[in-house]
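See below for the structure under consideration.
Laboratory data are not the source of any read-out in this text; all were calculated from the coordinates shown. Values in this document were obtained by computation on a predicted structure and should not be read as measured data. Because the Cβ atoms are built from the backbone with ideal geometry, glycine has one as well, and the counts that use them run over all protein chains shown.
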Amino acid sequence: MNKTKLKIALPKGRLLGDTAALLERAGWGLDGYDEQTRFYHIESKTIPQLYGRVFHEKDIPIQVAIGNYDLGICGSDWIEELLTKYPSSALMKVKDLKYCEGVLYAATSLVGIDSVNALRAMRETTRIASEYPNLAESFAINTRLKHFSVFPLWGGAEVYPPDSADLALVGGTTKDLPFYGLIPISQVLSISACLIANRDSWKAKELNKMVAPIEKALMPQKAAPTLKSLKRQDTKTRYAAQNKDVVRLALPDGHQQAPTHKLLDKAGIRLDDYPSEKGNRRPRVNLEGVSIKVIRPQDMPLQVANDNFDLAITGRDWLTEHLCQFPSSPVKELADLKLGRVKVVAVVSQKLDITDIRDLSKSEQTLPIRVASEYTNIADRYARDNRLNRYRLIPTWGASEAFLPEDADLLIENTQTGRTLAQHNLKIIDTLFESTACLIGSKRHISSPAKKEMMDSITKTLHRATEEIS
Amino acid sequence: MKIQMSKGTRDLSPKDMASFRLIESAFRDSCLKWGYQEVRTPTLEHLHLFTATGTLTPSMLSKVYSFLDWDGWSGERVVLRPDGTIPISRLYINSMVKEKLAKLFYVANVFMYEATGKKTRERWQCGAELIGAKPPLADIELVMLALEVLRELKIEGIELRLSHAGLIKSLLARLDLSAEEQIGMFDRILDGDTKALEKLKLKRPKLEKTIDSLLALKGKPSGFSEELKGLFAEDLPECKPYIENCARIAEFLEAMGYKYQIDIASGRGFEYYTGVIFQIFKGEEKIGGGGRYDALITLMGGKDMPASGFALYLERLMALIKPSALSTPQSPRILVRAEVARAREGFEIVWRLHKAGYRAECYVGVQKEADFDWTLDIKDKSPEFILTNQAKKRFKAQTTEELLAFLGK
């Protein structure tokens, strides 16, 4: 690590505004770190040795823990998510910055379950859906759930109970606590923005001097919220158990919504609120016997494997990612929907004098090769299959191209045209596979003939619509 | 250059393994003599086996090595076995449930994360479980078995510390703590927080007398039982059977000349204990422990079965034994050095020497004569067999029969 340089990982998204204002008050003079920022690399007008980089909030604790960055600012939820699994990592919490405060709840909409004790008394496995799988596991252990399983999610945990999960860990700010018809039964964590540091850098670089102006610039704060001060939601919003004949279809949220909507429309499948401006994740459909939920495409294969959905529209990249992790999973592709064509590629910096993945192991680098990817299981298998010499996986959550060359050596990423990669001075050295949107289902036997018929009909209709569009 | 190992792991060298096997065989011999049968359970188990019974404390569960298997899409994790007793109870429920008495033993590794990396994260245990027998005789048998193993290993200066899970729980029940607090306090005691009860005393001055008398038990020498019964008849009458239970074991230990302490506040171990808990110390080091777990098999879904068990910590014993004082004399070691044309015959002779009870091996170009009691040269010309001992004394033979006849003497 460069001793003179000071590296800080800065959040984008919900923390950006308050963080930028705080650092401005502290006199850091960051150039271009604001809501309009289009840059990933930030320099300081006042502190020449300072180097900032903008990350997805979730990436920051990992980047600081592994020593790529000296300091970072992110939500305490992501810090605890890391520390609960890796308590001896080199991550240290320096200061609670007390903005963007919120609470992480364990919440449910199961009838009759309104406390941790009631949950503990459940006979069946408690299924917990969460973006925070480590915190979810730790919650289950600390509350002594007897038999539990955790569904790690990319997002939208609130839509899972009660049919796709028994419990969800959901977070929100105090201003706007989203309950989505769920009853919070336990407060897992208070969330607020935190300043963190790498333990080794803290000592070696005397970071306390850097941090002092930030502490001075903090605003006075009000008391953190507690569970007791919150009103319980009306229980009428709970959902009834689903009929076994009903086909459960998962549709993607995010930027896949528009093309998916177009395809469904072509197939004559009409939805009342998709894409939804209000964030409605349960649109209604003009098909009798079909129920729809809108979830992250990343989460769909696992959900189909667990029989929480019968059909889902996702990308082949995410299906492959799932099958790399669980090779004997019952999930399979039913139809290629030919939308959103991308290539999943292996990428390195243009500065590296290599053209082949095998050259990477031959370089004289003694440190482990850092492989960054949103697709950790694909990347892991790719590294293994190509016999990469001693590598380390760095999971990322978006904007992975900015990781090279400083924070990773190899990137496994999807690309449409390769233009963004070229703009970041990166080059493609291998193409792993092509990915398009696809309809997935399970190899599992379907006992209801009505359901089977409806599923076949949807599959055929979508296939036909795909042919017409292309 | 040394290749960096995974933190908290260790190699067992040939010398270490010799100690390891000495302990293992002393343990096996004693167990077999007492009528125990050896079993082995898999290294991988479902995590829920350990969470379902509520029998490991959250702080222990947070240190288990768990992961998703290649077919773990349901989110259920598997673990590297963190404990020996729970898998044995599972084995009993699965395949021995008709047996009214199961006396089982195992030598197995258990895995538990340890943050500093200074202690090992993989540990070996010699464990024995007695399923189907009630206190106090079954508990005494287990203590006797453990002590016999230690005696065979010539480890002296052993001290036992006795506690009782029932006693700790009764006391906690009296402290008007909430159910959560009670569990939390019990966990702290089991996690080895010996000050837990003392801290409680400060918070609840009214209970000072009861807690004081309990803490005062620590280190009380022999003859404690009458005194104790008096103390508790008034304050905690429900504890009488527990104290009697401890007293019976104490009497035996005393009669056998072993040192022991009553140390109620230190029940370090596992939450599945329901009765007497015993810990074996050599100096300040705990080298083993066990106790009664009557509720475990029911909690795991089996029938109501009394059970108790113990484990000795193999690595700690390795540091305490003197292998030279324990090893039995070994047969002479012979190096067989055959000329190229007679190599096959060399190997055949090695076989025959093994059959005759010798340690023998063929020369592979590296061994030193000094490491062997005898060196046997097989020549093309007569005399074909020349046996040389370390004092350079020679014996010559024409046939293998002649040679073996000589070695047979």
(request) Starting from the Cα gyration tensor of segment A:342-435, take the square roots of the eigenvalues, sort them a ≥ b ≥ c, and report rounded, prolate or oblate (rounded when a/c is under 1.5, otherwise prolate if a/b is larger than b/c, else oblate). (result) rounded
(request) Using a/c under 1.5 as the rounded threshold, could you call segment B:323-409 rounded, prolate or oblate? The axes a ≥ b ≥ c are square roots of the C-alpha gyration tensor eigenvalues, and prolate needs a/b larger than b/c, oblate otherwise. (result) prolate
(request) Grab the other residues whose beta carbon is less than 10 angstrom from that of residue B:54, score K and R as +1, D and E as -1, and report the net. (result) +2
(request) Determine the sum of side-chain charges near residue B:304: Lys and Arg each +1, Asp and Glu each -1, restricted to other residues whose C-beta is under 13 angstrom from that of residue B:304. (result) +2
(request) Rank A:148, A:254, A:391 by how far each Cα sits towards the positive end of the charge dipole of chain A (+1 on Lys, Arg Cβ; -1 on Asp, Glu Cβ) and give me just the farthest. (result) A:148
(request) Order these peptides, B:139-148, B:89-98, by their mean beta-carbon neighbour count within 10 angstrom, highest first. (result) B:139-148, B:89-98
(message) Averaged across B:56-69, how many Cβ atoms of other chains sit within 10 Å of each residue's Cβ atom?
(response) 3
(message) Based on alpha-carbon centroids, what's the gap between segment B:338-400 and segment A:399-430 in Å, whole number please?
(response) 67
(request) Take the alpha-carbon centre of segment A:265-339, take the same for segment B:131-171, and report the distance between them in whole Å. (result) 59
(message) Restricting to DSSP loop positions (anything but H, G, I, E, B) with no more than 15 other Cβ atoms inside 10 Å of their own Cβ, which trypsin sites (Lys or Arg not before Pro) remain in segment A:43-83?
(response) A:45
(message) With 10 angstrom as the radius, rank B:83, A:380 by how many other C-beta atoms surround their C-beta, starting from the fewest.
(response) A:380, B:83
(request) Please compute the net charge surrounding residue A:451, taking Lys and Arg as +1 and Asp and Glu as -1 over other residues with Cβ under 11 Å from its Cβ. (result) -1
(message) For the pairs A:362/B:118; A:12/A:45; A:95/A:209; A:85/A:146; B:15/B:103, flag any whose C-alpha to C-alpha distance is greater than 24 Å.
(response) A:362/B:118; B:15/B:103
(message) Can you give the FRET efficiency to the nearest 0.05 for residue A:206 and residue A:358, using r as the Cβ-Cβ distance and R₀ = 51 Å?
(response) 0.75
(request) State the dimensionless ratio Rg/Rh of segment A:239-387 (Rg: radius of gyration of Cα atoms; Rh: Kirkwood radius). (result) 1.09
(message) With 10 angstrom as the radius, rank B:48, B:164 by how many other C-beta atoms surround their C-beta, starting from the fewest.
(response) B:48, B:164
(request) Arrange the following residues from fewest to most other Cβ atoms within 10 Å of their Cβ: B:263, A:18. (result) A:18, B:263
(request) Mind checking segment A:349-440 for GluC sites (Glu not before Pro) that DSSP puts in a loop (not H, G, I, E or B) and that have at most 16 other Cβ atoms within 10 Å? (result) A:364, A:406
(message) Run the reach check for residue A:278 against aspartates and glutamates, Cα to Cα strictly under 15 Å, same-chain hits fewer than 8 apart removed. What comes back?
(response) A:158, A:176, A:253
(message) Angle check, please: helix B:14-33 long axis (alpha carbons) against the longest principal axis of chain B (alpha carbons), in degrees 0 to 90, nearest 10.
(response) 60
(request) Give me the distance in nm between label points sitting 7 Å out from Cα along the Cα-to-Cβ direction at residue B:258 and residue A:467, one decimal. (result) 8.1
(request) Could you tell me which of rounded, prolate or oblate describes chain A, using a ≥ b ≥ c as the square roots of the eigenvalues of the alpha-carbon gyration tensor, with rounded for a/c under 1.5 and, failing that, prolate when a/b is larger than b/c and oblate otherwise? (result) oblate
(message) Strictly greater than 41 Å: what percent of every Cα pair in the protein assembly as shown meets that?
(response) 53
(message) Tell me the angle of helix B:343-355 to the major Cα principal axis of chain B, expressed in degrees between 0 and 90 and rounded to the nearest ten.
(response) 50
(message) Can you compute the charge dipole magnitude of the protein assembly as shown about its Cα centre, using +1 on each Lys and Arg Cβ and -1 on each Asp and Glu Cβ, nothing else charged? Give it in debye, rounded to the nearest 20.
(response) 1080
(request) Note the angle between two axes, namely the Cα long axis of helix B:165-174 and the longest principal axis of the Cα atoms of chain B, as a number of degrees from 0 to 90, rounded to the nearest 10. (result) 20
(request) Express in whole angstrom the spacing between the alpha-carbon centres of segment A:343-390 and segment A:72-111. (result) 31
(message) List the trypsin sites (Lys or Arg not before Pro) within segment A:263-327 that DSSP assigns to loop and that have no more than 12 neighbouring Cβ atoms inside 10 Å.
(response) A:278
(request) State, to one decimal in nm, how far the label point of residue A:93 lies from the label point of residue B:95, with both points 7 Å from Cα in the Cβ direction. (result) 4.7
